[in-house]
């Protein structure tokens, strides 16, 4: 991908991408970042379990959503914002008592849209889910 983000851009991304109250509620943590790519961790917590003892699919989807948004935002110019148009997930395996990582990569950055692919894996590399998201690029006046 492109060069590392500046410290100010990283701080801005952390405030907007990971620093949200919902991300804090889930416990989402930044692991890696560069322009067009981010890796976020979701630490295991019993509060994320559904009734069958697996990490709830909504928590996994939320992790992917945050990572996708951060990856998209990292490609924006100062006069641009973005919003999710569509996102889908394929659940591949159950997650029980392990942390997981969302590795989100911009696979297309156009003038009006951004497409992002995310792999959700355990620390050991076991694939849990895969998402594909489309964001709209919005021009704003300063």
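At-a-glance table
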quantity	calculated
Which listed residue is farther than 24 Å from residue 7 by Cβ, in contact (Cβ under 8 Å) with a residue 12 or more places away in the chain and touching a helix residue (DSSP H, G or I) at 6+ places or on another chain (Cβ under 9 Å), from 116, 92, 128, 136	128
Where residue 54 falls short, out of the listed (1) surrounded by 13 or more Cβ atoms within 10 Å (Cβ to Cβ); (2) within 13 Å of the chain's Cα centre (by Cα); (3) at negative phi	(2)
Residue check, residue 64 under 12 Å from the mean Cα position of the chain (by Cα), in contact (Cβ under 8 Å) with a residue 24 or more places away in the chain and not in a loop (DSSP other than H, G, I, E, B)	yes
Residue 22, sole failed condition from (1) under 20 Å from residue 103 (Cβ atoms); (2) surrounded by fewer than 17 Cβ atoms within 10 Å (Cβ to Cβ)	(1)
Flag if residue 49 is surrounded by fewer than 19 Cβ atoms within 10 Å (Cβ to Cβ), in contact with a strand residue (DSSP E or B) (Cβ under 9 Å, 6 or more places away or on another chain), over 16 Å from residue 64 (Cα atoms) and at pLDDT 90 or above	yes
Subset of the range 27-45 (residues that are loosely packed, with under 13 Cβ neighbours inside 10 Å and at pLDDT 95 or above)	43
Some residue of the range 69-83 being in a helix (DSSP H, G or I) and loosely packed, with under 15 Cβ neighbours inside 10 Å	no
Flag for residue 102 being assigned to a strand (DSSP E or B) and either loosely packed, with under 15 Cβ neighbours inside 10 Å or in contact (Cβ under 8 Å) with a residue 12 or more places away in the chain (or both)	yes
Whichever residue in the range 125-142 is in a loop (DSSP other than H, G, I, E, B) and modelled with pLDDT of 95 or more and, among such residues, is surrounded by the most Cβ atoms within 10 Å (Cβ to Cβ)	126
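The values are calculated or read from the model by the stated rules, or taken from the named source; none is laboratory data. Remember, predicted model here, so these are calculated numbers, not experimental data. Here Cβ is always computed from backbone atoms with ideal geometry, including for glycine, and neighbour counts include all displayed protein chains.
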